[in-house]
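The values are calculated or read from the model by the stated rules, or taken from the named source; none is laboratory data. Fair warning: this is a prediction, and the values are worked out from it, not measured in the lab. Ideal geometry is used to build each Cβ from the backbone, glycine not excepted, and the neighbour counts take in all protein chains shown.
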Amino acid sequence: MHSQPAVIFKRKGSTFAFIGIFAFLTTLSGFLCITSQTPVLTVLGGGLILLALASFYRIWTVFAKPYLHLTDHQVTVYRGVFFVPAHYSLTDIHGAHTNHPETYIELIGSSPSDSVRIDLHPLDKADRIRFIFLIESSINRKFSHKHAPAVQTAG
């Protein structure tokens with residue numbers, strides 16, 4: 001069976017921009033509050049600096065981790081606040097359904113509990129189309145090899 005190399009899909013740049021602007025503004029606001037020299041604003045400024053540090057950490061983890069990792073046998077989705085990976089095996093997937101390719105893809109399993117819906121919003125438009133193409137070709141390749149006639153050797 002022909003295998004494809006593992007493919008990593010990163011998040012689109014607007015995710016970084018929003019979190020980056022938020023982190024910058026909270027850092028600036030925090031330092032302005034701290035320099036005001038009033039006890040309440042100093043505590044508020046400290047809280048804003050901590051929020052800014054958490055935002056910078058979020059940027060670093062978003063930048064370091066992919067959103068989707070596709071191999072021949074599974075799809076790994078890193079989502080949520082702490083990026084706990086969800087692994088979905090492609091051996092149980094029998095088809096892919098994309099009514100809205102801009103928003104999600106549904107991987108259909110043998111039973112309704114095996115079906116998985118993957119949000120495609122975090123990807124750029126070209127990466128969404130590329131992911132859909134690769135997942136559908138992986139499923140088709142699995143079924144074409146499964147139903148191909150066995151080759152007999154003379155001997």
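Only one entry of Leu25, Leu48, Leu120 meets the criterion of being touching a helix residue (DSSP H, G or I) at 6+ places or on another chain (Cβ under 6 Å), hydrophobic (A, V, I, L, M, F, W, C) and outside the structural domain of Ile139 (by TED's automatic domain parsing), and that entry is Leu48.
Mind counting the residues in segment 102-128 that are assigned to a helix (DSSP H, G or I), more than 14 Å from the chain's Cα centre (by Cα) and surrounded by 15 or more Cβ atoms within 10 Å (Cβ to Cβ)?
Applying the first criterion (assigned to a helix (DSSP H, G or I)) to segment 102-128 yields 112-114, 125-128.
After this cut, where a residue has to be more than 14 Å from the chain's Cα centre (by Cα) as well, the list is 112-114, 126.
Subset that is surrounded by 15 or more Cβ atoms within 10 Å (Cβ to Cβ): none.
Number of matching residues: 0.
Within segment 130-143, the residues that satisfy the criterion of being surrounded by fewer than 15 Cβ atoms within 10 Å (Cβ to Cβ) and either touching a Ser or Thr at 6+ places or on another chain (Cβ under 8 Å) or hydrophobic (A, V, I, L, M, F, W, C) (or both) are Phe133, Phe143.
Pairs only if they're at least six apart or on different chains, beta carbon under 8 angstrom, first in segment 53-71 and part of a strand (DSSP E or B), second of a type in the set (D, E, K, R) and exposed (fewer than 14 other Cβ atoms within 10 Å of the Cβ); list them, first residue then second. Qualifying pairs under 8 Å: none. When Thr26, Thr15 are checked against the criterion of being touching a Ser or Thr at 6+ places or on another chain (Cβ under 9 Å) and either assigned to a helix (DSSP H, G or I) or modelled with pLDDT of 90 or more (or both), Thr26 stands alone in meeting it. Within segment 131-145, residues that are on the phi < 0 side of the Ramachandran plot have Cβ atoms under 7 Å from residues that are in a helix (DSSP H, G or I) and at pLDDT 85 or above in no pair, counting only partners at least 6 apart in sequence or on another chain.
Scanning segment 12-49 for residues that are of a type in the set (Ser, Thr, Tyr), farther than 30 Å from Asp119 by Cβ and loosely packed, with under 12 Cβ neighbours inside 10 Å gives Thr35, Thr38. Count of segment 50-70 residues, restricted to those that are surrounded by 16 or more Cβ atoms within 10 Å (Cβ to Cβ) and of a type in the set (Gly, Ala, Ser), is 2.
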